[in-house]
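Undergrad: Structure provided below as structure tokens; questions to follow.
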Amino acid sequence: MMEPERLRIREGLAEPRPDSARADEAANGFPDRFAGMSARSGLTGWQRQTARRIFSVLGIGALVAPGLVWAGLSLAGLALFCAILLYRFALVIYGRGREPEADYASASELLPVYTLLIALKDEAAVVPQLARHICRFDYPQHLLDVKLLIETGDEATRDAIRAQIWPKGTELLVLPPGMPRTKPRALNYGLSRARGAFVTVYDAEDRPSPIQLISAVRRFTHDPSLACVQAPLVGIPKTPTWLARHWALEYAIQFNRVMPALARLGAPIALGGTSNHFRRSALEEVGGWDAWNVTEDADLGLRFARQGKSVGVIAPPTLEAPPERFYIWLGQRSRWLKGFLQTWLVLMRNPGAAVREMGLGGFVSMQLTLGASILSAFTHLPWLIWCLLCIASPALNLGPVSWSILVATYGVGAVSACLVPRGVMRLRFVDVLTLPLYWPLQSVAMARAVYSLIRTPHHWVKTPHD
């Protein structure tokens with residue numbers, strides 16, 4: 001029984017009482033203040049009406065002039081495909097030039113307090129590793145404000161946390177029962193108790209570079225306009241299965257080529273789910289995280305763009321363990337895609353406002369990155385099936401345009417893979433060769449994502465870790 005307001009469990013760890021009012025604010029504060037930017041309300045009436053009209057027009061057109069409709073859709077699809085492919089290739093090439101860490105002047109010796117928000121759920125097995133890495137940071141331990149966030153009833157994780165040594169002032173925050181039971185709700189709860197001038201988010205299984213915090217402080221000091229910096233995430237499989245290697249390759253391209261390019265261009269960036277570092281003042285200004293969006297990271301990054309705030313990158317990485325079994329990969333990927341859909345639909349509630357806020361170039365970039373991720377997940381598997389049918393059946397002809405699309409898609413994917421920095425991962429020839437077999441798995445995850453978006457839009461699929 002906890003009598004005092006704070007009970008010392010072990011040296012360095014405190015456990016404040018759960019605060020129901022704080023938890024309700026964590027869940028509903030953002031949508032109450034920024035209703036048009038939250039995924040809590042789902043599709044608007046305007047969006048439903050527009051979708052019905054588009055499908056009605058296409059349906060009538062297909063009955064009256066099917067050839068014309070098919071030709072129009074094919075031409076539009078080809079133009080969009082070319083734009084997406086060329087833009088991604090340009091980002092991969094442009095992203096090869098990294099921000100030089102040596103250019104940043106040393107941070108002042110008067111370092112600020114740094115808040116670390118770590119949401120855990122059924123993570124007892126990885127808590128010892130987490131504690132070791134937190135204590136290894138090359139940052140004054142007395143300036144670390146660590147918030148360990150767990151849900152009520154997760155006693156195994158709670159006991160595991162209590163068994164470790166943490167930096168002095170670390171808080172174990174148990175969220176009261178409430179909806180939605182999502183990571184961003186927990187992060188908002190922790191943010192409301194944050195003491196740091198800067199805030200970062202880590203997952204329980206993360207192994208961040210010891211110099212990552214000091215590197216972020218130097219980056220913020222070098223560029224006062226930055227609201228956030230993203231550290232690269234590096235997938236290090238425990239068992240290098242085919243699926244885990246492709247997941248790691250995706251991360252290597254995204255965080256070492258695409259994100260640095262977007263940052264240098266000042267384009268909108270859908271953040272990664274961990275190792276993003278924020279000025280606390282900027283984070284609070286935009287309302288924190290949307291507890292009702294299951295990819296709160298992507299949503300927040302694009303919201304920064306809408307409010308004119310800059311996002312940069314730093315070099316010290318965070319190591320992660322990729323999912324090595326298909327059912328784990330599928331659960332994680334379907335949640336990501338569901339969140340991408342939520343984020344895109346929120347942005348498209350008022351496209352005119354999004355264009356004004358992001359600028360036309362930023363809005364187009366968002367469509368060619370976030371929008372392209374959604375579109376490709378819908379089309380990869382149907383496209384592969386169609387290509388295989390054309391190759392197998394003499395009655396069907398893929399045609400020169402379709403062959404060109406097929407070759408160009410694979411070519412850009414292969415070149416992107418080959419341009420991954422050597423120190424990030426060891427690229428295998430078989431992985432480059434089998435890229436077209438990995439991409440269609442996205443469509444399986446998208447089917448599950450759409451079903452979940454309709455049935456349980458705010459349900460958070462937890463990725464288990466050993």
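Undergrad: Consider the range 198-220. How many of its residues are small (G, A, S) and within 19 Å of G301 (Cα to Cα)?
TA: Of the residues in that region, 1 qualify.
Undergrad: Output the residues belonging to the range 254-278 that are crowded, with 21+ Cβ neighbours inside 10 Å and either β-branched (V, I, T) or farther than 21 Å from G371 by Cβ (or both).
TA: N256, I269, T274, S275, N276, H277, F278
Undergrad: Enumerate the helices (runs of 4 or more DSSP H) found wholly within the range 237-306, keeping only those where 1 or more residues are over 16 Å from L347 (Cβ atoms) and in contact with a strand residue (DSSP E or B) (Cβ under 7 Å, 6 or more places away or on another chain). Please lay out each step first, then the result.
TA: On the way: elements: 242-253, 259-265, 280-285, 296-306.
Filter on the range 237-306 gives 242-253, 259-265, 280-285.
Undergrad: Among the residues of the range 120-177, which ones are among the polar types (S, T, N, Q), in a loop (DSSP other than H, G, I, E, B) and more than 22 Å from A321 (Cβ to Cβ)?
TA: From the range 120-177, those among the polar types (S, T, N, Q) are 129, 141, 152, 157, 164, 170; that's our starting set.
Among the residues that remain, those that are also in a loop (DSSP other than H, G, I, E, B) are: 152, 164.
If the condition is that a residue be among the polar types (S, T, N, Q), in a loop (DSSP other than H, G, I, E, B) and more than 22 Å from A321 (Cβ to Cβ), then T152 is the only one that fits.
Conditions tested, residue by residue: (1) out of contact with any helix residue (DSSP H, G or I) (no Cβ under 7 Å at 6 or more places or on another chain); (2) within 23 Å of Q212 (Cβ to Cβ); (3) of a type in the set (D, E, K, R).
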site	(1), (2), (3)
P316	no, yes, no
E320	yes, yes, yes
F326	no, no, no
W329	no, no, no
Q342	no, no, no
V346	no, no, no
A354	no, no, no
V364	yes, no, no
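Undergrad: Same structure, new question: Can you go through A23, A83, A14, A27 and tell me which one is surrounded by 14 or more Cβ atoms within 10 Å (Cβ to Cβ), under 30 Å from L419 (Cβ atoms) and small (G, A, S)? Give the steps one after another, and end with the answer.
TA: Working: A23 fails: under 30 Å from L419 (Cβ atoms); A14 fails: under 30 Å from L419 (Cβ atoms); A27 fails: under 30 Å from L419 (Cβ atoms).
It is A83.
Undergrad: Another question, if that's okay. Check Y114, Y104 and return the single one that is of a type outside the set (S, T, N, Q) and modelled with pLDDT of 85 or more.
TA: Numbers: Y104 fails: modelled with pLDDT of 85 or more.
Unique residue meeting the criteria: Y114.
Undergrad: Within the range 283-292, take every residue that is under 20 Å from K183 (Cβ atoms) and out of contact with any Leu (no Cβ under 8 Å at 6 or more places or on another chain) and give me the one that is surrounded by the most Cβ atoms within 10 Å (Cβ to Cβ).
TA: If we filter the range 283-292 for residues that are under 20 Å from K183 (Cβ atoms), which is where we start, we get 283-284, 286-292.
Imposing the further condition that a residue be out of contact with any Leu (no Cβ under 8 Å at 6 or more places or on another chain) reduces the set to 287, 291-292.
Working: G287: 19, A291: 31, W292: 25.
The residue in question is A291.
Undergrad: In the range 309-323, is there at least one residue being under 18 Å from V444 (Cα atoms) and in contact with a Ser or Thr (Cβ under 7 Å, 6 or more places away or on another chain)?
TA: At the first step, the residues of the range 309-323 found to be under 18 Å from V444 (Cα atoms) are 323.
Retained after the next criterion (residues that are in contact with a Ser or Thr (Cβ under 7 Å, 6 or more places away or on another chain)): 323.
So far as the range 309-323 goes, yes, one or more of its residues are under 18 Å from V444 (Cα atoms) and in contact with a Ser or Thr (Cβ under 7 Å, 6 or more places away or on another chain).
Undergrad: Could you say which residue among P184, P180 is at pLDDT 95 or above, out of contact with any Ser or Thr (no Cβ under 8 Å at 6 or more places or on another chain), over 17 Å from Q129 (Cα atoms) and part of a loop (DSSP other than H, G, I, E, B)? I'd like the intermediate steps shown before the answer.
TA: Numbers: P184 fails: part of a loop (DSSP other than H, G, I, E, B).
The unique qualifying residue is P180.
Undergrad: So, one more: Condition test on W292, is it in contact with a Lys or Arg (Cβ under 7 Å, 6 or more places away or on another chain), touching a residue at least 60 places away in the same chain (Cβ under 8 Å) and aromatic (F, W, Y)?
TA: Values: in contact with a Lys or Arg (Cβ under 7 Å, 6 or more places away or on another chain): yes; touching a residue at least 60 places away in the same chain (Cβ under 8 Å): yes; aromatic (F, W, Y): yes.
The answer is yes for W292.
Undergrad: Residue check, R158 against (1) at pLDDT 95 or above; (2) more than 24 Å from the chain's Cα centre (by Cα); (3) closer than 29 Å to I314 by Cα; (4) of a type in the set (K, R), all met but one. Which one?
TA: (3)
Undergrad: Let me ask another. Of the residues Q212, Q230, which is out of contact with any helix residue (DSSP H, G or I) (no Cβ under 7 Å at 6 or more places or on another chain) and within 19 Å of F255 (Cβ to Cβ)?
TA: On the way: Q230 fails: out of contact with any helix residue (DSSP H, G or I) (no Cβ under 7 Å at 6 or more places or on another chain).
Of Q212, Q230, the one residue that is out of contact with any helix residue (DSSP H, G or I) (no Cβ under 7 Å at 6 or more places or on another chain) and within 19 Å of F255 (Cβ to Cβ) is Q212.
Undergrad: Just checking, how many residues over the range 146-157 are surrounded by fewer than 21 Cβ atoms within 10 Å (Cβ to Cβ) and either in contact (Cβ under 8 Å) with a residue 40 or more places away in the chain or closer than 23 Å to G273 by Cα (or both)? Step through it out loud before you land on a result.
TA: In the first step, residues of the range 146-157 are kept if they are surrounded by fewer than 21 Cβ atoms within 10 Å (Cβ to Cβ); the result is 151-156.
Imposing the further condition that a residue be either in contact (Cβ under 8 Å) with a residue 40 or more places away in the chain or closer than 23 Å to G273 by Cα (or both) reduces the set to 151-152, 154.
Of the residues in that region, 3 qualify.
Undergrad: Can you pull out every residue in the range 193-209 that is under 25 Å from P224 (Cβ atoms) and either under 19 Å from the mean Cα position of the chain (by Cα) or of a type in the set (S, T, N, Q) (or both)? Explain how you work it out, then say what you get.
TA: Taking the range 193-209 as the starting set, the residues that turn out to be under 25 Å from P224 (Cβ atoms) are 194-202, 208-209.
If the condition is that a residue be under 25 Å from P224 (Cβ atoms) and either under 19 Å from the mean Cα position of the chain (by Cα) or of a type in the set (S, T, N, Q) (or both), then V199, T200, V201, Y202, P208, S209 are the ones that fit.
The values are calculated or read from the model by the stated rules, or taken from the named source; none is laboratory data. No experiment lies behind these values; they were computed from the predicted model shown. Virtual Cβ from ideal backbone geometry, glycine too; neighbours counted across all protein chains shown.
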